[in-house]
1. Could you say which residue among A:Ile356, A:Ile367, A:Ile330, A:Ile352 is more than 25 Å from the chain's Cα centre (by Cα), β-branched (Val, Ile, Thr) and either surrounded by 16 or more Cβ atoms within 10 Å (Cβ to Cβ) or away from chain B (no Cβ under 14 Å) (or both)?
2. Check B:Ala238, B:Ala177 and return the single one that is out of contact with any His (no Cβ under 8 Å at 6 or more places or on another chain), more than 14 Å from chain A (Cβ to nearest Cβ) and either within 30 Å of B:Gly49 (Cα to Cα) or at pLDDT 90 or above (or both).
3. Among the residues that make up the range B:242-252, is at least one of them within 9 Å of chain A (Cβ to nearest Cβ), touching a residue at least 40 places away in the same chain (Cβ under 8 Å), in contact with a helix residue (DSSP H, G or I) (Cβ under 8 Å, 6 or more places away or on another chain) and under 21 Å from B:Tyr275 (Cα atoms)?
4. How about the range B:290-405: which helices (runs of 4 or more DSSP H) wholly inside it have at least 1 residues that are over 28 Å from the mean Cα position of the chain (by Cα) and buried (at least 18 other Cβ atoms within 10 Å of the Cβ)?
5. For the range A:267-289, state whether one or more residues are in a strand (DSSP E or B) and within 14 Å of chain B (Cβ to nearest Cβ).
6. With the requirement that a residue be more than 8 Å from chain B (Cβ to nearest Cβ) and either more than 22 Å from A:Asn288 (Cα to Cα) or of a type in the set (A, V, I, L, M) (or both), what does the range A:370-382 give you?
7. Could you please find all residues in the range B:196-230 being under 16 Å from B:Phe150 (Cβ atoms) and touching a helix residue (DSSP H, G or I) at 6+ places or on another chain (Cβ under 8 Å)?
8. Has the range B:188-209 got any residue that is outside any helix (DSSP H, G or I) and within 14 Å of another protein chain (Cβ to nearest Cβ)?
Amino acid sequence: MLSIQTNGERKTLSKRDVLKVAKERDVRYVRLSFVDILGIGKNVTIPVSELESALEGKVSFDGGSIDGFVRGEEADMMLVPDLSTFAVYPWTLGSGNVEARIICDIATPDGEAFEGCPRTTLRRALEDARDVLTGVRAGLEVEFYLFELAADGAPTVQTSDVGSYFDSDESDSGEVARLDIATTLEAMGLSVASAHHEHGAGQHEVDLNETPILTTADALITTRIVAKHVAARHHLHATFMPKPLETCAGSGVHIYFTTAPAGELAEETLFAIGGLLEHAPAFTAVCNPTVNSYKRLVAAWDAPIYTAWSYRSANALVRVPSPQGGLQRIEVRSADASCNPYLAMAVLVASIAHGIRNHLLPGDPLIGSTYDLNDRERDARRIRMLPKSLRQALAELEKDAVVRGALGDHVYQAFRDAKFAEYERYRRAVHPWEREAYLRIY
Amino acid sequence: MIDDTLMSPDALVEFAEGLAKIASSGGGPKALATHLAAALDAAVLVEDGDWRHVALAGTGTRSVPPSIRDLVASARPSSDGVVHIELPGETLDALAIRIRGGDSPLGWLSIFSNGERLEARIGAVRLAAAAIAVELSRDAGGGKNRRRSFWDRLLGRAYDDPIEAKDDAASRGIALASGYVAVALEAEGLEETSAATKVGDLRRIALETLRSGSGEIVVLERGGGFVFLCPAPLEVDAQNVRTAATLIPRAAAKVHFGAKVVGGVGRAAVAIEAYKTVDEARESMFIARRLFGGSRVMPYDDLGIYPLLLRGGATAEELRAFGQRVLAPLRKYDEKHQTELVRTLRLYFDVGQNVKTAAAELSVHRHTVFYRLRQIAEISGHDLDSAHDQLTLRTAIAIDALNPN
């Protein structure tokens with residue numbers, strides 16, 4: 001056992017517990033990790049001799065150089081470790097430089113929670129929703145590609161894997177790597193439900209069981225880190241880019257929320273779905289935050305493109321799968337792993353809470369593929385199309401006070417500014433497709 | 001049009017009978033004004049005591065002022081209460097008469113001739129004014145009564161024209177939706193001492209559960225319960241009303257309402273046919289009470305064959321329509337996906353619901369039959385394990401077999 005966290009559930013730990021485990025595991029370095037507004041992992045590495053001081057929240061960093069964190073002279077930020085997230089990186093064991101990580105919240109120098117901290121944003125969203133959401137947990141299905149590395153170590157989009165959904169080929173290096181990823185995640189205390197080949201050649205999926213929502217957001221960060229590290233050891237590159245190949249399935253993250261006991265669909269579940277459908281156009285900017293995300297959200301490979309729900313349709317935005325573990329679940333199928341999971345969870349939780357508070361009903365479930373709906377049918381069901389671009393998604397986000405409110409002013413403004421700038425860079429870039437299409441004929 | 005210059009007694013009686021017929025079928029001032037305009041070949045304007053527009057009829061090519069307020073003020077009434085109106089630049093006859101309810105002035109009725117002399121037909125005008133007075137006095141009890149009388153008329157099938165209904169609603173401050181779904185509700189087993197309070201509680205619980213983003217819910221007291229007329233301009237609104245209505249018994253139980261709640265939900269109907277959804281809601285409530293028991297609200301759509309059985313005498317056309325409606329989702333799916341769901345269902349019933357035999361008849365594996373039965377349940381919305389739903393599906397299949405075209 002390499003982690004204090006077991007089977008996805010975290011224990012409340014004291015500083016003494018953490019120090020004891022660090023000593024027992026012969027940890028030499030500890031990464032104090034956090035994410036920026038865009039969900040990009042950051043960390044400050046300290047020698048284990050500084051761990052005690054770090055656990056007291058005495059490690060500071062210059063927030064001024066982190067995207068979207070601070071403005072003006074608010075540069076100094078403090079790292080406040082969440083002791084329950086302490087875990088040893090299994091791949092460093094036996095190396096002589098054993099590393100552990102601990103996920104941190106960000107605080108101001110006077111000890112106040114920093115309003116630009118994504119983890120704090122999710123904590124606040126969960127607190128705000130406590131009147132209608134108690135004990136709700138979330139699970140994940142995380143899709144990613146494993147591509148080969150070039151001779152110089154640079155990632156390619158090549159794969160020797162020709163497998164498809166649920167295929168099994170033990171000689172495939174991707175399959176071996178996927179198993180290694182799942183094993184490593186379990187060793188770090190995550191509760192892996194399953195792992196399997198996905199539709200695309202070289203595409204894989206790891207499923208994580210439902211845990212408390214903050215834990216689940218942490219788990220996506222951990223999964224991204226672990227997959228990249230483990231893949232590299234297999235001379236592969238793990239990418240969570242939503243749509244790396246035009247002609248293959250994109251990679252998404254399906255998020256499951258457990259709601260009520262199994263049985264007849266509970267009214268709170270219906271209202272939760274109503275809230276998700278109501279706010280979907282706005283939360284898309286947060287759950288699908290890159291220009292590339294919108295190349296996945298097209299009418300192919302069962303990607304959701306409409307605000308529809310269903311029991312069985314694989315391309316509905318929200319699906320109600322069969323109950324598991326005696327609990328009803330609702331699955332949000334639009335998000336992708338380029339999202340900041342804390343912000344994504346925050347906007348989804350706020351949407352669900354708004355639906356429950358306001359008794360928003362979602363209409364009847366759709367039967368069949370959403371792709372078959374014509375304009376008249378969509379209008380009659382008040383089904384809207386998800387944004388087709390990051391630009392559209394940002395415009396929808398701007399109009400939705402509930403989703404904006406879940407982010408808070410600081411995060412919303414920083415996120416919006418960063419994403420508008422990203423979209424503008426993309427808009428100005430001349431892409432290979434344009435040269436191919438126009439260079440000869442004009 | 002009455003072609004006699006002086007209306008004969010018979011013509012006047014015929015005219016009065018027409019007014020009575022309109023009023024008894026729920027026709028309002030607009031319908032009465034239209035009747036008068038047709039009889040006199042004239043334009044007719046009705047305004048209430050506050051000079052608000054109530055109705056306009058028979059204008060044809062005739063121009064009519066939006067109000068006679070200023071014209072009446074400058075005119076001199078004759079001894080019989082008729083005011084001769086002089087329209088600037090016009091020589092055609094025009095007159096106005098005050099609409100009274102007893103001693104109370106309720107408004108003005110103005111007639112604008114297209115050529116005939118109106119004085120000779122004043123009897124018809126007075127009769128129409130009296131009939132309109134009854135309607136306006138019904139409205140004169142304040143905004144609430146004005147609004148109530150509109151819904152009474154709507155459900156009394158008074159409107160043939162959706163525009164007319166919409167205009168009349170607007171004149172009473174009602175934003176009429178294009179479609180409605182009715183929910184009928186009653187509480188059962190109430191103790192006499194607390195019945196009044198409980199009924200009020202039921203109304204509040206229902207309104208809270210049915211609350212809608214699509215407009216105002218109209219509450220009508222019917223028998224010992226209520227009919228809630230919920231706006232449903234789109235299909236999804238009707239679906240949501242139906243779902244919300246079925247949640248009412250649970251909502252009542254949550255607040256310890258302490259009595260059984262039974263109800264029904266009609267199908268969506270366009271505004272001028274709102275009576276249909278109300279009738280269906282009450283019919284569904286009756287069937288829910290008699291057949292299903294417990295505290296529940298049954299949507300008409302879920303009742304299958306029972307409404308037809310309740311009526312005891314469905315026509316062949318109604319039966320055919322029922323069969324087609326029940327099987328339509330399966331047929332549509334079969335056509336689109338080249339499947340055999342209807343055939344599978346028919347065979348499944350023909351072989352006494354024996355999956356193994358059905359599989360042999362269809363030349364498929366029994367797992368395929370199980371899969372198709374799950375699809376049939378999901379697509380048709382009928383539970384094959386429910387005796388009630390089985391009856392509906394079996395009847396639909398039988399009707400379909402008897403009416404192959």
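The values are calculated or read from the model by the stated rules, or taken from the named source; none is laboratory data. Worth saying up front: this structure is predicted, and the values here are computed from it rather than measured. Don't worry about glycine lacking a Cβ; one is built from the backbone with ideal geometry, like all the others, and counts go over all protein chains shown.
1. That would be A:Ile367, the only listed residue that is more than 25 Å from the chain's Cα centre (by Cα), β-branched (Val, Ile, Thr) and either surrounded by 16 or more Cβ atoms within 10 Å (Cβ to Cβ) or away from chain B (no Cβ under 14 Å) (or both).
2. Only one candidate qualifies: B:Ala177.
3. yes
4. Those helices (runs of 4 or more DSSP H) span B:316-337, B:341-350, B:355-362, B:366-380, B:387-402.
5. Taking the range A:267-289 first, the residues in a strand (DSSP E or B) are none.
No, there is no match, as no residue in the range A:267-289 is in a strand (DSSP E or B) and within 14 Å of chain B (Cβ to nearest Cβ).
6. If the condition is that a residue be more than 8 Å from chain B (Cβ to nearest Cβ) and either more than 22 Å from A:Asn288 (Cα to Cα) or of a type in the set (A, V, I, L, M) (or both), then A:Leu373, A:Asn374, A:Asp375, A:Arg376, A:Glu377, A:Arg378 are the ones that fit.
7. Residues satisfying the conditions are B:Ile217, B:Val218, B:Val219, B:Leu220, B:Val227, B:Leu229.
8. Narrowing the range B:188-209 to residues outside any helix (DSSP H, G or I): B:188-194.
Subset that is within 14 Å of another protein chain (Cβ to nearest Cβ): none.
No: zero hits.
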